[in-house]
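> There's a structure below that I have some questions on.
The values are calculated or read from the model by the stated rules, or taken from the named source; none is laboratory data. Everything quoted here is computed from the prediction, not taken from an experiment. As a convention, Cβ positions derive from the backbone with ideal geometry for all residues, glycine included, and neighbour counts pool all protein chains shown. These area figures cover heavy atoms from the full protein model, side chains too; ligands, DNA and RNA do not enter into them. Shrake-Rupley method; radii C 1.70, N 1.55, O 1.52, S 1.80 Å.
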Amino acid sequence: MNFTDIDLKQFAAKGITNEKVLAQIETFKEGIPFVNLSKAAVVGDGILKFTDKEQEELISLFEKERSEKELLKFTPASGAATRMFKALFAFLEVYNPKKQTLQEYINTSEDNAIKTFTEGLKNFPFYKDVKSRIGNNFSSTGEEVYAFVEELLAENKLNYGFYPKGLLPFHAYKNGIVTPFYEHLKEAALYATTAKKAKLHFTISEQHKKMFLEKEAQVLDVVTKETGVSFEVDYSFQKVETDTIAVDIDNIPFRLKNGSLLFRPGGHGALIENLNDKKADVIFIKNIDNIIVEEHIETIANSKKMLAGFLLKVQNKAFKYASILDNNDVDDDLINEIRLFLKEELNVRFKNGFIHLGKEDQIALLKNHINRPIRVCGMVKNLGDPGGGPFWIKDYQENVSLQIVESAQINTSNYNQAKILQNATHFNPVDLVCGVKNYKGEKYNLLDFVNEKQGFITEKTKEGRPVKALELPGLWNGAMAYWNTIFVEVPSITFNPVKTVNDLLKSAHQPL
């Protein structure tokens, strides 16, 4: 494919090579194959479930070892909250309070989102603020609700659709209204601290950095006084070199009207680059909108400590065995012991031919599998939420591994694959604790453990024309495909995302 000098300058400005662009175009042409599910991971086969006593022991282990570890809470917080208010934006476009009552609109449009929003209006954390702005001088309920929504979303008013989710009012306590950013600080004080200091990293959009810094300046001293913990907060942006080229329906690079090539952000999988820049011993990963009112924060913290305790427990064993393998002083019994550890505790599946390999090849294979980053992933019982789940998958070479798989990666038109999906008992709430160093304390290059073939191709429109976009392998999907993976059941209360504004009406976001 021939690119112009202007194209090449565009690549250089983004830090993207010509070869990388060509590889992405080839991906569009080849397509991305569906993941081949082998079976759903369930408790007893891919998912661990600990007794209360076992959980207490793991929490104690974490508490004992945490002082020697650098801990970090890593929170993807990029992007504006536009999707959260999607139903409200649509309401502003189609509803005219002068032409029909609100009830008539709800009846004819069957707009259940607005019905729920209206019925719960007084329970939103921003209710009093918005009401003080719009007053009470309305001739109908429809007029009032329309004015309320307009005040929330209009660019010349509160403009909440532009805000990052992390800085929206989420919880209304007696002593004030707080944001997810504040709640993440409070949480981190309980489980991500070493020597009374908590480190947090937020991946944000560059356009929101000033807003985050202003909020940080407002709340840091407050949270420090409340918790007795000092905080070190830093931020990063999705790197421009992780943008991907877009193509038209014929897989030709899409050109804008001004002649330049269209690149699009690579999705949350691009954040593996940001994670790779962090050097902490234990990294907690949790989405920005998955927080809960303070009454339940101790349950959340104990769940995190339990996962971290198990990471440290299994990592200590892995480090011991990795050191032994490096010294090559391994007899057949020890080879079998390490193989069983990998199989039973790190979910590594070996092909039947392992026992027929020579000793050197066996040791090389064990080294390959044990010298990888480890992730312990909390899993909640599946209550019908859309999203990813835990599965055993089989690749084209018949290698079996434990993975988090999104429904979009599954060929649901295939009866057997759809049946396995239906058999899934658990859901991925994005609740990870990660060990990213080897036994020598050296950090792995996380980019070495990405499965580039697990991205996503999506269809969009740009300038009125269809366009195909390429999303990189998701952060907890293909971007961590070659990590050692452990799934652990965690309480359902640990999963309380706010995908739409009406989720703020759920009990997990309503203080007692």
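> Please go through (1) farther than 17 Å from L72 by Cβ; (2) in contact with a Leu (Cβ under 7 Å, 6 or more places away or on another chain); (3) of a type in the set (A, V, I, L, M) for V240 and return the number of the only condition it doesn't satisfy.
Of (1) farther than 17 Å from L72 by Cβ; (2) in contact with a Leu (Cβ under 7 Å, 6 or more places away or on another chain); (3) of a type in the set (A, V, I, L, M), only one is false for V240: (2).
> What is the residue count in the stretch 290-309 for residues that are surrounded by 20 or more Cβ atoms within 10 Å (Cβ to Cβ) and of a type in the set (D, E, K, R)?
2
> Okay, next question. Here is a list: K468, K499, K506. Which entry is in contact with a Phe, Trp or Tyr (Cβ under 7 Å, 6 or more places away or on another chain), open to solvent by 30 Å² or more (accessible area, probe 1.4 Å), more than 22 Å from S38 (Cα to Cα) and not aliphatic (A, V, I, L, M)?
None of the others qualify; the one that does is K468.
Rundown of residues vs (1) part of a helix (DSSP H, G or I); (2) among the polar types (S, T, N, Q), yes/no style:
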{"position": "M1", "(1), (2)": "no, no"}
{"position": "I25", "(1), (2)": "yes, no"}
{"position": "V35", "(1), (2)": "no, no"}
{"position": "G46", "(1), (2)": "no, no"}
{"position": "S67", "(1), (2)": "yes, yes"}
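> Something else: In the stretch 329-381, how many are among the aromatic types (F, W, Y) and either over 23 Å from I393 (Cα atoms) or at pLDDT 95 or above (or both)?
Here is the first cut: in the stretch 329-381, the residues among the aromatic types (F, W, Y) are 341, 350, 354.
Next, only the ones that are either over 23 Å from I393 (Cα atoms) or at pLDDT 95 or above (or both) stay: 341.
Matching residues across the stretch 329-381 total 1.
> Next question. Quick one: in the stretch 48-58, which of the residues that are touching a residue at least 24 places away in the same chain (Cβ under 8 Å) and outside any strand (DSSP E or B) is surrounded by the fewest Cβ atoms within 10 Å (Cβ to Cβ)?
Here the residue is K49.
Each row is one residue, and each column tells you yes or no for (1) free of Cβ contacts under 8 Å to residues at least 60 places away in the same chain; (2) of a type in the set (D, E, K, R); (3) touching a His at 6+ places or on another chain (Cβ under 6 Å).
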position	(1), (2), (3)
K165	no, yes, no
Y173	no, no, no
K186	no, yes, no
A189	yes, no, no
T193	no, no, no
A198	no, no, no
F202	no, no, no
K215	yes, yes, no
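> Find the strands (runs of 3 or more DSSP E) located wholly in the stretch 382-462 whose residues include 1 or more that are touching a Cys at 6+ places or on another chain (Cβ under 9 Å), loosely packed, with under 14 Cβ neighbours inside 10 Å and modelled with pLDDT under 90, and list them.
Here the list is empty.
> Another question about this same structure. From (1) more than 20 Å from N175 (Cα to Cα); (2) in contact with a helix residue (DSSP H, G or I) (Cβ under 6 Å, 6 or more places away or on another chain), pick out the condition that doesn't hold for V223.
Among (1) more than 20 Å from N175 (Cα to Cα); (2) in contact with a helix residue (DSSP H, G or I) (Cβ under 6 Å, 6 or more places away or on another chain), V223 violates only (1).
> Still on this structure, please answer the following. Can you find a residue in the stretch 24-44 that is in contact (Cβ under 8 Å) with a residue 24 or more places away in the chain and within 30 Å of F212 (Cα to Cα)?
no
> List pairs: first in the stretch 75-103 and closer than 30 Å to C434 by Cα and basic (K, R), second open to solvent by 50 Å² or more (accessible area, probe 1.4 Å) and part of a helix (DSSP H, G or I), Cβ under 9 Å, 6+ apart or cross-chain?
Cβ pairs passing all conditions: none.
> Please go through (1) open to solvent by less than 60 Å² (accessible area, probe 1.4 Å); (2) in contact with a strand residue (DSSP E or B) (Cβ under 9 Å, 6 or more places away or on another chain); (3) closer than 30 Å to L312 by Cα for L61 and return the number of the only condition it doesn't satisfy.
Checking L61 against (1) open to solvent by less than 60 Å² (accessible area, probe 1.4 Å); (2) in contact with a strand residue (DSSP E or B) (Cβ under 9 Å, 6 or more places away or on another chain); (3) closer than 30 Å to L312 by Cα, the one that fails is (2).
> Quick one: in the stretch 188-204, which of the residues that are outside any helix (DSSP H, G or I) and open to solvent by less than 30 Å² (accessible area, probe 1.4 Å) is farthest from G309 (Cα to Cα)? Break it down into steps so the answer makes sense when it comes.
Step one: filter the stretch 188-204 for residues outside any helix (DSSP H, G or I), giving 192-204.
This time we only want the ones that are open to solvent by less than 30 Å² (accessible area, probe 1.4 Å), so: 192-193, 198, 200-204.
Values: A192: 12, T193: 14, A198: 18, L200: 19, H201: 21, F202: 24, T203: 26, I204: 29 Å.
Looking at the filtered set, the residue picked out is I204.
> Within the stretch 227-256, take every residue that is among the charged types (D, E, K, R) and exposed (fewer than 14 other Cβ atoms within 10 Å of the Cβ) and give me the one that is farthest from G266 (Cα to Cα).
E232
> Also: Run G266 past the list (1) part of a loop (DSSP other than H, G, I, E, B); (2) closer than 30 Å to A217 by Cα and report the number of the one that doesn't hold.
G266 satisfies every listed condition except (2).
> Can you find, within the stretch 351-381, the residue that is most open to solvent (accessible area, probe 1.4 Å) among those that are β-branched (V, I, T) and not in a strand (DSSP E or B)?
Per the criteria, the residue is I355.
> With respect to the numbered conditions (1) within 22 Å of N371 (Cα to Cα); (2) more than 17 Å from the chain's Cα centre (by Cα); (3) in a strand (DSSP E or B), which one is the sole condition not fulfilled by V467?
Against the list (1) within 22 Å of N371 (Cα to Cα); (2) more than 17 Å from the chain's Cα centre (by Cα); (3) in a strand (DSSP E or B), V467 comes up short only on (1).
> Please tell me if L312 is hydrophobic (A, V, I, L, M, F, W, C) and surrounded by fewer than 17 Cβ atoms within 10 Å (Cβ to Cβ).
Numbers: hydrophobic (A, V, I, L, M, F, W, C): yes; surrounded by fewer than 17 Cβ atoms within 10 Å (Cβ to Cβ): no.
So L312 fails the test.
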